[in-house]
1. If I go through segment 189-219 residue by residue, how many of them are closer than 26 Å to ARG45 by Cβ, in contact with a helix residue (DSSP H, G or I) (Cβ under 6 Å, 6 or more places away or on another chain) and not acidic (Asp, Glu)?
2. Could you give me the residue pairs with C-beta distances under 6 Å whose first residue belongs to segment 153-182 and is over 20 Å from ILE124 (Cβ atoms) and at pLDDT 95 or above, whose second residue is surrounded by 19 or more Cβ atoms within 10 Å (Cβ to Cβ) and of a type in the set (Ser, Thr, Tyr) wherever it lies, and which are 6+ apart or on separate chains?
3. Please state which of the following conditions ALA210 fails to meet, knowing it meets all the rest: (1) small (Gly, Ala, Ser); (2) buried (at least 22 other Cβ atoms within 10 Å of the Cβ); (3) closer than 22 Å to ASN199 by Cβ.
4. Which pairs do you get when a residue that is closer than 13 Å to GLY272 by Cα and at pLDDT 70 or above, found in segment 1-21, comes within reach of a residue that is of a type in the set (S, T, N, Q) and loosely packed, with under 10 Cβ neighbours inside 10 Å, reach meaning Cβ atoms under 7 angstrom, with the pair 6+ apart or on two chains?
5. Looking for something aromatic (Phe, Trp, Tyr) and surrounded by fewer than 24 Cβ atoms within 10 Å (Cβ to Cβ) - is there at least one such residue anywhere in segment 252-266?
6. Take the residues of segment 188-207 that are surrounded by 20 or more Cβ atoms within 10 Å (Cβ to Cβ) and of a type outside the set (A, V, I, L, M, F, W, C): which is nearest to GLY236 (Cα to Cα)?
7. Among (1) among the charged types (D, E, K, R); (2) within 28 Å of ILE220 (Cα to Cα); (3) in contact (Cβ under 8 Å) with a residue 24 or more places away in the chain, which single condition is ASP108 missing?
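The values are calculated or read from the model by the stated rules, or taken from the named source; none is laboratory data. Bear in mind the structure is a predicted one, so any value in this text is a computation, not a measurement. Cβ: placed from backbone, ideal geometry, glycine included. Neighbour counts: every protein chain shown.
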Amino acid sequence: MSQVPIHDTPILGMATRPKVSKAIEYGNPGNFWVEYPSGLIDLTRSQHLMADAAEPSLVSSAQLDISVNGGRTIRVDKSKTAAVIIDMQNFFLHPELRDHQTGLKCVDPLLKVIAPLRKQGVKILWVNWGLTDHELQTIPPALVRGFMKGGHGGMGSEMPGNFGRLLMRDARNSELYGPLQEEYLKGQKEGTDVWIHKNRMSGLWGHQTALDLYLKENGITTLLFGGVNADQCVSGTLVDAYFQGYDCVLVEDITATTSPAGGFENVIYNAGGSQGFVTNTSNIISASG
């Protein structure tokens, strides 16, 4: 009978991570989580593990308890939480430019979850491709090639119709798809939504990106991820956020990809198994009241 090595990778072959048998604190004195046998994982960094291991009560005015996959509940600080919505742009979703059925299915649940999050004081960050002519000169060859088809087109090239230059700032193809653009403008006027440009697959690639600066300047520690494509720009940003120490939560029903079977599933598996947590908009709406 084979026996799993004692130091085997924790997530290897696991469907769900077992609950802890006793309360445990992870991290360091200034940056920590506390997990309890009940399944609660406190991400607020507001109370260290007590000597009696008592589970703290929810402070509903400042915190949210969100159910996540694996029989857990994460407790987040509303003022330190932001939704990071990636690349829900015309270039990736508009039927005249792309056949992205799974991406279009994300639009409705995304619209439904935004208002409850705003009501709770959670910022909505729309992180999108938005290139300048200067940036076109600095993009590496692999990225240039990836956005060309048969050696034609590519970043900055003129698109058919009135969609403008491919993924350039202020071009129509770079706007959010359909009702999402209107929803962003509404939130921008109310001061709840922020548009953040990126120039790589990851919104956190490089030194002092616009996204990283915003998160640090506003004391954001917990990120709710959604958008397209799951295994490219969404996972690229999520993994960089994980490396930098942010709390990463992937919202499954507002995330999609055009990749073959397995691409999306691997992102979900790793996001929930090692990089953070996976939830859905129903759980968020329920937590928001």
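1. 6
2. Short answer, once both residue conditions are applied: LEU167/SER174.
3. Every listed condition holds for ALA210 apart from (2).
4. Once the first residue is closer than 13 Å to GLY272 by Cα and at pLDDT 70 or above and sits in segment 1-21, no partner that is of a type in the set (S, T, N, Q) and loosely packed, with under 10 Cβ neighbours inside 10 Å comes close enough.
5. Within segment 252-266, the first condition is being aromatic (Phe, Trp, Tyr), and the residues that meet it are 264.
Now restrict to residues that are surrounded by fewer than 24 Cβ atoms within 10 Å (Cβ to Cβ): 264.
Yes, that holds for at least one residue.
6. Among residues in segment 188-207 that are surrounded by 20 or more Cβ atoms within 10 Å (Cβ to Cβ) and of a type outside the set (A, V, I, L, M, F, W, C), the one nearest to GLY236 (Cα to Cα) is SER202.
7. (3)
Quick grid of which residues meet (1) under 10 Å from the mean Cα position of the chain (by Cα); (2) in a strand (DSSP E or B); (3) not aromatic (Phe, Trp, Tyr):
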position	(1), (2), (3)
ASN173	no, no, yes
GLU182	no, no, yes
GLN188	no, no, yes
TRP195	no, yes, no
HIS207	no, no, yes
ASP212	no, no, yes
GLY226	yes, yes, yes
CYS248	yes, yes, yes
ASP253	no, yes, yes
